[in-house]
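This report concerns only the one structure given below.
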Amino acid sequence: MSKKDFLSQTFVAELKKLDPQTPALWGKMNVQQMIEHMSDSIRMANGKDQQNLYTSTDQLPVYRSFMLSEKPFRQNTKNALMGEEPLPLRHGSNSEALHELKTEIDDFIALFENQPGLVMMNPIFGELDFDQWLHLFDKHARHHLLQFGVSM
């Protein structure tokens, strides 16, 4: 299965199967907070939340090398853009959060399909093209599925 199909079909389908009360194996986010966090990440790639580079230019090659590798994110990986506590929920239910996530994913894919060669800034890993974003989202999505006991 392609990373595009995994993100646009399998990932959301697996999230729909999760009981919203499933406890995380690590970290502080609950299921809905994780779904909303994924939407936030994808909005950086679909142009709705444009970011500046946060990582110092001397660290960028090391960060990018990891991001492009097959190495998974470790449990409890710190995200420099997130606080110590998860953001408050912005949706009234998991299904609303999943609808938003699916919309953000579809908008991401459509943007890059309509503008071949486009790059968008990721604040941690720098400018990424479509395939690089897909690789990052594949890694990120699998990390959060594992956080709630789903291995793919």
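The values are calculated or read from the model by the stated rules, or taken from the named source; none is laboratory data. This one's a predicted model, so the numbers in the text were calculated from it and none came from an experiment. Cβ sites come from the backbone with ideal geometry, for glycine too, and all protein chains shown count toward neighbours. SASA here: full protein model, heavy atoms, side chains in, ligands and nucleic acids out. Shrake-Rupley method; radii C 1.70, N 1.55, O 1.52, S 1.80 Å.
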- Taking a probe of 1.4 Å and leaving out DNA, RNA and ligands, the chain shows per residue an accessible area in Å² of 55 Å²
- Alpha carbon centroid spacing (whole Å) that separates region 51-88 from region 93-114: 22 Å
- For K16, counting only aspartates and glutamates whose alpha-carbon sits under 14 Å away and dropping same-chain residues fewer than eight positions off, the answer is E36, E96, E100
- Query: Which semi-axes, in whole Å and largest first, does the equivalent ellipsoid of region 44-102 have when worked out from the alpha carbon gyration tensor as the square roots of 5 times its eigenvalues?
  - Reply: 27, 15, 14
- Note on the structure: Going through K3/K28; K4/K102; K3/K71 one by one, the pairs whose alpha carbons sit over 23 Å apart turn out to be K3/K28
- Note on the structure: For H99, H143, H91, the accessible-area ranking with a 1.4 Å probe, largest leading, is H99, H91, H143
- Which whole number of Å³ per residue matches the convex hull of the alpha-carbon atoms in the chain? 112 Å³
- Could you give me the ³J(HN,Hα) list for region 136-141, computed from phi with Karplus coefficients 6.51, -1.76, 1.60 and θ = phi - 60°, whole Hz, x at Gly and Pro? 4, 5, 4, 4, 5, 5
- Note on the structure: If amide H atoms are modeled at 1.01 Å from N in the peptide plane, then the residues at a separation of 5 or more from N122, or on another chain, having amide H under 5 Å from its own are E127, L128
- FRET efficiency for F73 and S93 from the Cβ-Cβ distance with R0 = 25 Å, rounded to 0.05, comes out at 0.40
- Give a residue-ordered list of calculated ³J(HN,Hα) values for region 60-69 (Karplus: 6.51 cos²θ - 1.76 cosθ + 1.60, θ = phi - 60°; whole Hz; x for Gly, Pro). 4, x, 5, 4, 5, 4, 4, 4, 7, 7
- Task: Would you work out what percent of the accessible area of the chain, with all protein chains in place, is carbon or sulfur (probe 1.4 Å)?
- Result: 52 percent
